[in-house]
Structures are given as C-alpha cells and as structure tokens.
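Read through the structure below, which is laid out as structure tokens, and then see the notes.
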Amino acid sequence: MEKKKMTDRKSPGETIKGLAEYRRQRVMNWLNEKWPIPQSCPICRRKDWSTGGTIHELREFHSGSFFAAGSVFPVVPIVCNFCGYTLFFNAFKLGLIEHSKKEGEKKNG
Ligand SMILES: [Zn+2]
C-alpha cells in the first residue's frame, strides 16, 4: 500500500487550524510591514498584540433593524493583550479575501 506523506502535500488552507495559522501569520507579517516601530497601543502604550487571523463582519447600521441588503465590511481584529484595545484591518487590504464581482457583472452562462 502506498503511504501518503502528511507533511509536504498539505497546503495551509486544507485544515481549519492550518488556515487560521496561515492567516494569523499573514496578518502579523502585513502589520509589521505597514506599521512602523514602536507598535505601541494607544491606550496602555504596551507592544503586545495578537490576532487569531479570523475575519469578522462590520454590518451597516439601519436604525437597529436588520437590513439584509446593507453593506458588510470584512475586518480582522488585532487585540492588545494587556488592555484589550482592538484594531480592525480591512481583510481585502490584508489580502485574505478577494473582491467578488458585483451582481450586475454576473456572467450569463
Ligand atoms: Zn493596550
């Protein structure tokens, strides 16, 4: 029987844990590239940030009622490990997701 290699055949996105770690690393690399040192928290002045690399949604507010057609803003939170202050970065800018085509641009077949 042929044994599959488990190490070099898996891409980062093949497992949820692998995907999360891939995103987390990508976010931290992006942050270090864009954010000059010192990367201090504006509240507590510490430099201890973490992210799970997960993408969350900021939904457009419509007077407290749910509005399905409202815009959604995908963000990745980065949290200060001491005070909890949270930065949000655009997941598109981070390269974690790609823009989908607008509904009017759908192909007809
Ligand atoms: Zn802080």
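What follows draws every value from the coordinates through simple rules; no lab data is involved. Please read all numbers here as calculations on a predicted model, not as lab measurements. Methodologically, a virtual Cβ is constructed for each residue, glycine included, from the backbone with ideal geometry; neighbour enumeration extends over all protein chains shown.
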tail above 23 Å in the computed P(r) of the range 17-108, as % of all Cα-Cα pairs, reads 38 percent
Using Cβ counts within 10 Å as a stand-in for footprinting exposure, how do ARG46, ARG23 rank, fewest first? ARG46, ARG23
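Number of Lys pairs in the range 17-108 with C-alpha atoms less than 23 angstrom apart, excluding same-chain neighbours closer than eight positions?
Values: LYS17/LYS93; LYS34/LYS47; LYS34/LYS93; LYS47/LYS93; LYS93/LYS101; LYS93/LYS102.
Step by step, the pairs that qualify in the range 17-108 add up to 6.
Would you mind counting up the charge near LEU96? Only other residues with Cβ under 15 Å from its Cβ, with Lys and Arg at +1 and Asp and Glu at -1. Could the numbers behind the result be given before it?
Numbers: positive: ARG23, ARG24, ARG26, LYS34, LYS93; negative: GLU21, GLU33, GLU57, GLU98.
In short, +1.
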